[in-house]
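Working notes for the structure below.
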Amino acid sequence: MRRKQELTLTLPELARRLGAQLELPAGQNPDAIILNGLSTLECAQPHDLAFVGGERYRTAASQSQAGALLVTEADRIPERPCLVVPHVWKAALAAFDLWYPDIKPAPGIHPSAVVDPAAQIHPTASIGPLAVVEAGARIGAQVEVGAQCFIGRDVQVGDGTLLHPAVRLLERVQVGRGVIIHSGAVLGSDGFGYEIIDGRGVKIPQVGTIVVEDEVEIGANTTIDRAFLHATRVGAGSKIDNLVQIAHNVQIGRCCGLASQVGVAGSTVVGDGVIMWGQVGVPDHIRIGDRAVLLAKSGIKDSVPAGETVFGAPAIPVKEAGRQLAAVKRLPDALRQIKSLERQIEKLIGEKTV
Amino acid sequence: MRRKQELTLTLPELARRLGAQLELPAGQNPDAIILNGLSTLECAQPHDLAFVGGERYRTAASQSQAGALLVTEADRIPERPCLVVPHVWKAALAAFDLWYPDIKPAPGIHPSAVVDPAAQIHPTASIGPLAVVEAGARIGAQVEVGAQCFIGRDVQVGDGTLLHPAVRLLERVQVGRGVIIHSGAVLGSDGFGYEIIDGRGVKIPQVGTIVVEDEVEIGANTTIDRAFLHATRVGAGSKIDNLVQIAHNVQIGRCCGLASQVGVAGSTVVGDGVIMWGQVGVPDHIRIGDRAVLLAKSGIKDSVPAGETVFGAPAIPVKEAGRQLAAVKRLPDALRQIKSLERQIEKLIGEKTV
Amino acid sequence: MRRKQELTLTLPELARRLGAQLELPAGQNPDAIILNGLSTLECAQPHDLAFVGGERYRTAASQSQAGALLVTEADRIPERPCLVVPHVWKAALAAFDLWYPDIKPAPGIHPSAVVDPAAQIHPTASIGPLAVVEAGARIGAQVEVGAQCFIGRDVQVGDGTLLHPAVRLLERVQVGRGVIIHSGAVLGSDGFGYEIIDGRGVKIPQVGTIVVEDEVEIGANTTIDRAFLHATRVGAGSKIDNLVQIAHNVQIGRCCGLASQVGVAGSTVVGDGVIMWGQVGVPDHIRIGDRAVLLAKSGIKDSVPAGETVFGAPAIPVKEAGRQLAAVKRLPDALRQIKSLERQIEKLIGEKTV
């Protein structure tokens, strides 16, 4: 968890620590500019450093009260003290490390945790208060298991992974290295699988597992179901927001982004670099191609080709969706036009008859 | 938690306790009417008091088996025993206090809770079994922290707030007075923030917090993300239902109502008195004006002016949405009409040519 | 929890255990076919048994590497070793019992659980680590209460019910026999009920409860609110997926299926055998008839008759929805046609005038 640290730096000292080039309006004394924290352009006070994330923030930057601005050469504001860097966000990460260092809990097992003697906990890992770790679980180096987490039998958690309080990893789930899982997420609930036997729905055992690859992030209260027989999978580097549902047997590729409240139904295969915006629904047994973009609230019906951007429910290519929406907007007028054409034609026919 | 209490009252005694005026059909003996509980009009039995919440319930009221009806003068049912009050729901609250008094747990810390010595717990607060309270947390007077709650470092909980079992308040979150938070809610998960650095999505630290103002209610398994740098905010008196997602930096005004499964994306500003019905999605960086109403399942696209009611995905003013829906309903017929007009015109042109 | 068991069987021995008829391509020696597990058709290896769930899987079955196929007579693949049974899934359940037997925890109360002496726990029930069971709760025979569950005051849990880790059953909730509830589900949060008193929204006490009938399954992080006064109800045999919201006073019938992220608002009555696909929203105070099917992402507006299938937001009968969608697809062209007709008519009128 990152915590604010008291730290006061002159502008030249900060420039040195961030590897930034200092550029000041003529006549300003850089040593008189004292910084003690980070802020957004809008909220910054004279002792804050603020970030200029791109060209569209130039107006906000020139109006900001910030003591100094972190910018690229292209976005420099000549009338303001600037720290010029090749990449704003890369330098910003260094600034976060200065003022909000990541403070790890001390290694070891909290005395209130319930850890089975047959679990393997790396000596550099920390297990929080009232966590449960069952037999056969393997917890890697530098792992943080938050308070009240549940780590089931034979679960594996890779090195450097962070489990916030109250994460549930159920029996046999495998989590890679450098993964972050937020509070309340459940990995390993049963898939929603029933078959009709003798006229009633009977539960089909769900005996597979989940594989979460390295550097994945999973949001608060998100749910991922174990596979029917093999493994539900989330590919390396994919980021999943809060309250998302991933059903059994789903395969999510690498470096995908799934925003909040997305749902992906069973056995669907999602390629690499796919973006799903908020509240998208994806049905079962389809394929979403690499780098496809599913716009917010879309209800996908069929497989989506690689690189396609779709919108709507049922979702269609976004350009076609735009055309249809524009046409529907004109529809009430068009219906009146049709009525008017009918009357004119009737008249023409009538006149002809006469 | 409110619990049913055995309590038997004659109708005059109940009238006295509720400050109600007793009105009976001629010839009925009020002391012979004995009440021992509350019910709905439909389910009430002869020993129940039932509420008549307005004019539209008059038929149900006149058919109810209830022993007595709580009504306003305007909705009085002459042929039934009535307790007449100026405001039905205000009197109903008093009736709940009689039969379902709110029973608070005894103050103090359950011996199984894990409370850091550097946490400040008011002596009138109660901390339930297996709760965790970390260093620097401040728990106010009369606060109930339910079983298995997690209260992180430096969290503040104001007087009289009720946390149901298994609520998670992560590091530094601030909760006001008289707030109610339901089980499984997570406040303080990281915002979903990434920037592309050297070709891959890199997590941006989320070091802000959340401010929940007084008298807010937050539903079960709802998630609220901490701000990137400052504070995500929920204004006083706002009510948020279950499974809602509030993203980082969002500002919710006062006295809003957000129904279940609503999602509000990052940095959006919501005014006062806004109503969002179930499953509404609101994108990032827009503004929802005061008293706007977002109808169920709407997918908002742009800022919504104060007082506007919108519907659809993308959402538009509800009147325009109604016109478009009505027009689309007539569209299959209109397409046939167009075909018919074409034929008639072809014929007219053909005849003319001949 | 089912766990993989090492077990190696010859094909004739497996046939005997499953009550299946063995059918082999001519010349194959059945005793040379050795099986040690289950798989899907796609992933199966030569020592796996795989299931052929129906005619549409015949191609996959004929290409599968599985050592043997479990099929009905109608779907038999002559060139592959087959175990022929009257019902594939019924036989598959027996195969799961062989290779993935359901291993119950030992009966008894884990020493770290906090169980009130006034709770009644059947001696054959198991209470997991760090669970809380409050006074008056009654836990039936063979019940599994998972780690970190919360069982509130006067809750009832029927025989043979399975609560996965971190399920929350709040005060007075009643759960039947043979129910399965997944991690993070919350049963008994307050309904979302407010009335305007003196110009502000005031919380109305929610003092009812929930009745979950026998053989229901409830998904991970799903929320079910307690009734205002009587009981929210989920009928016998109904299956509810993850992240579903059931509001106060809702009545769900028997043998319904509600997919992930469905929301049902207050006091709505759902008949028997109703299917709601993912992300459907159902408003308050309506009625969904028996065996109705609400297709994915539909936003229901009014009551749905028995047996009807609906789609869209607002939802309409699926055939009508299909007609409208097809018409909208043709609309951009139709608008151009209208323009063209206008020009032709203008020309006809013009010529006539001349």
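Which one of A:I139, A:I77 is more than 10 Å from chain B (Cβ to nearest Cβ) and buried (at least 20 other Cβ atoms within 10 Å of the Cβ)?
Selected residue: A:I139, the only one of A:I139, A:I77 that is more than 10 Å from chain B (Cβ to nearest Cβ) and buried (at least 20 other Cβ atoms within 10 Å of the Cβ).
Being of a type outside the set (K, R), crowded, with 24+ Cβ neighbours inside 10 Å and closer than 24 Å to A:D102 by Cα, is that true of even one residue in the stretch A:196-211?
No, because not a single residue in the stretch A:196-211 is of a type outside the set (K, R), crowded, with 24+ Cβ neighbours inside 10 Å and closer than 24 Å to A:D102 by Cα.
Looking at (1) in contact (Cβ under 8 Å) with a residue 40 or more places away in the chain; (2) at the interface with another protein chain (Cβ under 9 Å from one of its Cβ atoms); (3) of a type outside the set (S, T, N, Q), which is the only condition A:G278 fails?
Checking A:G278 against (1) in contact (Cβ under 8 Å) with a residue 40 or more places away in the chain; (2) at the interface with another protein chain (Cβ under 9 Å from one of its Cβ atoms); (3) of a type outside the set (S, T, N, Q), the one that fails is (1).
Here's the yes/no breakdown for (1) assigned by TED's automatic domain parsing to the domain that holds C:D241; (2) modelled with pLDDT of 95 or more; (3) closer than 24 Å to B:N221 by Cβ:
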| site | (1), (2), (3) |
| --- | --- |
| C:G263 | yes, yes, yes |
| C:W277 | yes, yes, yes |
| C:G281 | yes, yes, yes |
| C:I300 | yes, yes, yes |
| C:G312 | yes, yes, no |
| C:P332 | no, yes, no |
| C:G350 | no, no, no |
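Can you tell me which residue among A:L130, A:L83 is surrounded by 17 or more Cβ atoms within 10 Å (Cβ to Cβ) and not in a strand (DSSP E or B)?
After ruling out the rest, the residue left standing is A:L130.
Under the condition of being part of a loop (DSSP other than H, G, I, E, B) and among the polar types (S, T, N, Q), which residue from the stretch B:165-212 is nearest to the chain's Cα centre (by Cα)?
The selected residue is B:S183.
Which pairs have Cβ atoms under 7 Å, sit 6 or more apart or on different chains, and link a residue in the stretch B:151-178 that is within 14 Å of another protein chain (Cβ to nearest Cβ) and under 13 Å from A:Q148 (Cβ atoms) to one that is assigned to a strand (DSSP E or B) and basic (K, R)?
B:P165/C:R168; B:A166/C:R168
Report every pair of residues separated by at least 6 positions or lying on different chains whose Cβ atoms are under 8 Å apart, first residue within the stretch C:85-107 and closer than 13 Å to A:I204 by Cα and more than 8 Å from chain A (Cβ to nearest Cβ), second small (G, A, S) and surrounded by 15 or more Cβ atoms within 10 Å (Cβ to Cβ).
These pairs meet every condition: C:V88/C:G53; C:A91/C:A20.
Could you say which residue among C:D241, C:D214 is assigned by TED's automatic domain parsing to the domain that holds C:W277, of a type in the set (D, E, K, R) and in contact with a Leu (Cβ under 7 Å, 6 or more places away or on another chain)?
C:D241
Can you tell me which residues in the stretch C:179-212 are more than 10 Å from chain B (Cβ to nearest Cβ) and closer than 28 Å to A:V114 by Cα?
C:V179, C:I180, C:I181, C:H182, C:S183
With respect to C:R323, determine if the residue is modelled with pLDDT of 95 or more and outside the structural domain of C:N249 (by TED's automatic domain parsing).
It is true that C:R323 is modelled with pLDDT of 95 or more and outside the structural domain of C:N249 (by TED's automatic domain parsing).
Being surrounded by fewer than 24 Cβ atoms within 10 Å (Cβ to Cβ) and either within 25 Å of C:I246 (Cβ to Cβ) or within 7 Å of another protein chain (Cβ to nearest Cβ) (or both) is the filter here, so list the residues in the stretch B:240-266 that pass it.
Across the stretch B:240-266, the qualifying residues are B:C255, B:G257.
Among the listed residues A:G37, A:G54, A:G27, identify the single one that is touching a residue at least 40 places away in the same chain (Cβ under 8 Å) and either out of contact with any Cys (no Cβ under 8 Å at 6 or more places or on another chain) or within 14 Å of another protein chain (Cβ to nearest Cβ) (or both).
A:G37
Within the stretch A:218-233, is there a residue that is under 18 Å from C:V280 (Cα atoms), among the basic types (K, R), more than 14 Å from the chain's Cα centre (by Cα) and surrounded by fewer than 24 Cβ atoms within 10 Å (Cβ to Cβ)?
no
List every residue pair whose Cβ atoms sit under 9 Å apart, with the two residues 6 or more apart in sequence or on different chains, where the first one lies in the stretch A:120-133 and is over 12 Å from A:H110 (Cβ atoms) and the second, anywhere, is among the small types (G, A, S) and in a loop (DSSP other than H, G, I, E, B).
A:Q120/A:G136; A:Q120/A:A137; A:H122/A:G140; A:H122/A:A141; A:P123/A:A141; A:T124/A:G140; A:T124/A:A141
In the stretch C:292-317, what residues are surrounded by fewer than 18 Cβ atoms within 10 Å (Cβ to Cβ), assigned to a loop (DSSP other than H, G, I, E, B) and either more than 13 Å from every other protein chain (Cβ to nearest Cβ) or in contact (Cβ under 8 Å) with a residue 60 or more places away in the chain (or both)?
Answer for the stretch C:292-317, where residues must be surrounded by fewer than 18 Cβ atoms within 10 Å (Cβ to Cβ), assigned to a loop (DSSP other than H, G, I, E, B) and either more than 13 Å from every other protein chain (Cβ to nearest Cβ) or in contact (Cβ under 8 Å) with a residue 60 or more places away in the chain (or both): C:S303, C:P305, C:A306, C:G307, C:E308.
Name the single residue that is nearest to the other protein chains (Cβ to nearest Cβ) among those in the stretch B:213-239 being of a type in the set (A, V, I, L, M) and assigned to a loop (DSSP other than H, G, I, E, B).
Applying the filter and picking the extreme gives B:A220.
Being buried (at least 23 other Cβ atoms within 10 Å of the Cβ), over 28 Å from A:V133 (Cα atoms) and assigned by TED's automatic domain parsing to the domain that holds C:I246 is the requirement here; does C:V155 meet it?
Answer is no for this residue.
Could we say that A:T59 is modelled with pLDDT of 95 or more and not small (G, A, S) here?
No.
Check the stretch A:198-205 and report whether any residue there is within 30 Å of A:G322 (Cβ to Cβ) and acidic (D, E).
Checked the stretch A:198-205: no residue is within 30 Å of A:G322 (Cβ to Cβ) and acidic (D, E).
The values are calculated or read from the model by the stated rules, or taken from the named source; none is laboratory data. Given the structure is predicted, the values throughout are model-derived calculations rather than measurements. With ideal geometry, Cβ positions are generated from the backbone for all residues, glycine too; neighbour counts draw on all protein chains shown.
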